[in-house]
Amino acid sequence: MKQTFEDFEVILVDDCSTDGSFEKIETLVRDDARFYLYKNEKNQGVGYTKRRCIDMSNGKICGFVDPDDALAENAIEISLNNHTEKNVVTYSRFLLCDDHLNPIKLFPHSRAVKNGDSKFFNVFLEANHFFTFKKSAYDITSGINPDLTSAVDQDLYLKLYETGCFTFINQPLYYYRLHSNGVSQDSSKKIKLNENWQRVILDTAKRRNIQFLYGKNINDVTNLPEFILKKQNTFLKKIQRKLQ
């Protein structure tokens, strides 16, 4: 509501929350016509819910803010200023924050990625929040996988990477809250997260007609994220990334 760029819409889909948050948001935005609030009929999970958000959006450029995070007040303005006819995505640096969204430090791995690399799988999480994308690019992909309960963003990023160029914004536009109940931080959800990450990379490799990676058949690798990370984290690869 405090964004410096004001001509936007917010599609908010409540996935059957039970803590009264939906009612609080209804009260907060009731006089702001830019906000559109919906509820799933039953709990569907993050993949289904994020896909529904995009399906109901009207904007030419989209971006997600997860419910426990926040944007810098100029995030939309700066992101839009970095969209051109030549790119399909912008993404920025982001701040890791405590429970109260007080910044702790910058996420260290954000950087500009090389476009058009068939072996780019974002295993270092270089491309991350705040991530905005042209809806026209999204529409030529298969879209967000509604069955995923985690690794949803990474699946989306890799699909969009195959449609055009990414532009890196070298300043923090997003506040990422660290807390024990976060999907990527909850130890009880780590096994499912790893399974979904494996599935995302396997699907990505198949879309790109990649059967072998670094001499291995992808179907024989039980942990593709870890395997690729090790292969792409050699001393030479580190130097190459710094020179990009």
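The values are calculated or read from the model by the stated rules, or taken from the named source; none is laboratory data. Model, not experiment: these values are computed from the prediction. For neighbour counting, all protein chains shown are included, and Cβ atoms are generated from backbone atoms with ideal geometry for every residue, glycine included.
A few comments on the model shown:
- In segment 2-27, the residues that are in contact (Cβ under 8 Å) with a residue 24 or more places away in the chain and more than 19 Å from Ser57 (Cβ to Cβ) reach residues that are surrounded by 11 or more Cβ atoms within 10 Å (Cβ to Cβ) and of a type in the set (Val, Ile, Thr) with C-beta atoms within less than 8 angstrom, at least six apart or across chains, in these pairs: Thr4/Ile76.
- The residue that is nearest to Leu193 (Cα to Cα), counting only those in segment 12-63 that are touching a strand residue (DSSP E or B) at 6+ places or on another chain (Cβ under 6 Å) and hydroxyl-bearing (Ser, Thr, Tyr), is Thr49.
- For segment 188-200, the criterion of being touching a strand residue (DSSP E or B) at 6+ places or on another chain (Cβ under 8 Å) and either at pLDDT 95 or above or surrounded by fewer than 18 Cβ atoms within 10 Å (Cβ to Cβ) (or both) is met by no residue.
- Across segment 1-37, the number of residues qualifying as surrounded by 15 or more Cβ atoms within 10 Å (Cβ to Cβ) and not in a loop (DSSP other than H, G, I, E, B) comes to 10.
- Selected residue [under 30 Å from Gln211 (Cα atoms) and in a loop (DSSP other than H, G, I, E, B)] from Leu125, Leu158: Leu125
- Test: Pro225 is within 17 Å of the chain's Cα centre (by Cα) and modelled with pLDDT under 95: yes
- Residue in segment 124-135 that is within 19 Å of Ala72 (Cβ to Cβ), of a type in the set (Val, Ile, Thr), at pLDDT 95 or above and buried (at least 16 other Cβ atoms within 10 Å of the Cβ) present: yes
- Filtered by the rule that a residue be touching a Leu at 6+ places or on another chain (Cβ under 8 Å) and loosely packed, with under 12 Cβ neighbours inside 10 Å, segment 64-103 gives Asp98, Asp99.
- Total residues in segment 38-81 satisfying the condition of being farther than 30 Å from Leu106 by Cα, touching an Asp or Glu at 6+ places or on another chain (Cβ under 6 Å) and not in a loop (DSSP other than H, G, I, E, B): the figure is 1.
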